[in-house]
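Bear in mind these aren't lab numbers, they're just calculated from the coordinates by the rules spelled out. All figures in this text were calculated on a predicted structure; none of them were measured in a lab. Backbone-built Cβ (ideal geometry, glycine too); neighbour counts: all protein chains shown.
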Amino acid sequence: MDTQKLRNKNGKINIILQDKHHVSRDEGKQHLTANDTFSHIDAEFSSFIGMKRLKRTIKEIYATIIINEKRREIGLTGSKQVLHMLFKGNPGTGKTTVARKLAKMYFEMNLLSKGHFIEAERADLVGEYIGQTAQKTRAVIQKAMGGILFIDEAYSLARGGEKDFGKEAIDTLVKHMEDYHNDFVLILAGYPYEMDRFLTLNPGLKSRFPFILDFQDYDTEQLIKIAKQMVQSREYELTKEAEWKLRTHLNHQKRHTQYNFANARYIRNVIEQAIRLHATRLLTQEAFSMDDLIYLTGEDLSLDRE
């Protein structure tokens, strides 16, 4: 990219970006420029309901990339970002979906060389014998190099106490977080209370994660938006009666489910059940119209089964 440098009357350097086009860095890979502003981030996350802090964080990471490039172009030092993250949230709040999206975006931002996504659990990391755990954990990390390693319910690694091999897995992860942070991102995720407790059991772990994000439960209106997205992606629609019935049911669920409400996962189960009931209902009719094939009615939302 061509950069014009002008020194103002106060001696400060003003940088003018002259090239408004993407510059190809590798074959099949685009190098994002400052002129993209944040439109591509907004577009990538447009279907994500809520998550304002997450979106703001990604924009901060992107802005730092661009400014670091401009600093290097005029001979200043550009710092490398450590991107390890910790996600806290109940089921269905989008933790895994966001991690997958970040792998793709970090590749496009040239932060990761491959941009693939590896999901692991305790059984993938912890062995049954002495020495086996470190070997298994290193193998998973090597598989994830150049991308994101996502470990859900990460607190399970510490559930066995001091004598459990899970501690060895944590120690191995911590070492590789430092050694390979230039081309490796670790994201640990889990329920809020359990993750907070996990961090207290491993006091040196919290400082390894510059990004700790809370994935809040969705409110009723956000859940309705998610439901509409789900039915539209399947080429269905909710009738007004069905939407009213679902909203009433969700208000009741939110009032009476105090812990680990399944959020979008719950909505998905409701919608998939409604589609099955819709199909069953139509097959009992002698004939049906195009609208009949499209609309999910209040009758299809048999929420008393929940």
- Expected sort for 287-293, 64-70, 109-115 on mean C-beta neighbours within 10 Å, highest first, is 109-115, 64-70, 287-293
- Query: Separation between the residue 79 and residue 268 pseudo-spin-labels, each 7 Å from Cα along Cα→Cβ, expressed in nm?
  - Reply: 3.7 nm
- Item | Per-residue HN-Hα couplings for the range 224-238 [Karplus 6.51, -1.76, 1.60; θ = phi - 60°; Hz; x = Gly/Pro] | 5, 4, 5, 4, 5, 4, 5, 5, 5, 5, 9, 6, 10, 9, 8
- Task: Sticking with the crude label model, points 7 Å out along Cα→Cβ, report the distance from residue 130 to residue 196 in nm, one decimal please.
- Result: 3.8 nm
- Take the cross-link list 95/225; 143/225; 104/254 and give me the ones stretching past 28 Å between alpha-carbons. 143/225; 104/254
- Which pairs, out of 59/136; 88/136; 80/167; 70/101; 52/136, put more than 32 Å between their alpha-carbon atoms? 59/136; 52/136
- Message: Through the Karplus equation 6.51 cos²θ - 1.76 cosθ + 1.60, θ set to phi - 60°, convert the phi angles of the range 208-217 into ³J(HN,Hα) values in whole Hz; use x for Gly and Pro.
- Response: 7, 10, x, 10, 10, 10, 8, 9, 6, 4
- Message: Just to confirm my numbers, what's the Cα centroid distance between the range 227-276 and the range 148-208 in Å?
- Response: 34 Å
- Query: What are the aspartates and glutamates whose alpha-carbon lies under 17 Å from the alpha-carbon of residue 55, with same-chain residues fewer than 8 places away excluded?
  - Reply: 36, 42, 44, 108, 214, 217
- Task: Provide the descending list of Cα extents for the range 60-183 along its principal axes, expressed in whole angstroms.
- Result: 53, 33, 22
- Task: Can you bin the range 134-222 into rounded, prolate or oblate? Criterion: square roots of the alpha carbon gyration tensor eigenvalues sorted a ≥ b ≥ c, rounded for a/c under 1.5, prolate for a/b above b/c, oblate for the rest.
- Result: oblate
- Around residue 151: net Lys/Arg minus Asp/Glu count, Cβ-Cβ under 9 Å: -4
- Query: Length gain on complete extension for the stretch residue 181 to residue 143, per 0.36 nm per residue less the alpha carbon to alpha carbon distance?
  - Reply: 12.2 nm
- Per-residue HN-Hα couplings for the range 165-170, Karplus 6.51 cos²θ - 1.76 cosθ + 1.60 at θ = phi - 60°, whole Hz, x for Gly and Pro? 6, x, 5, 5, 5, 4
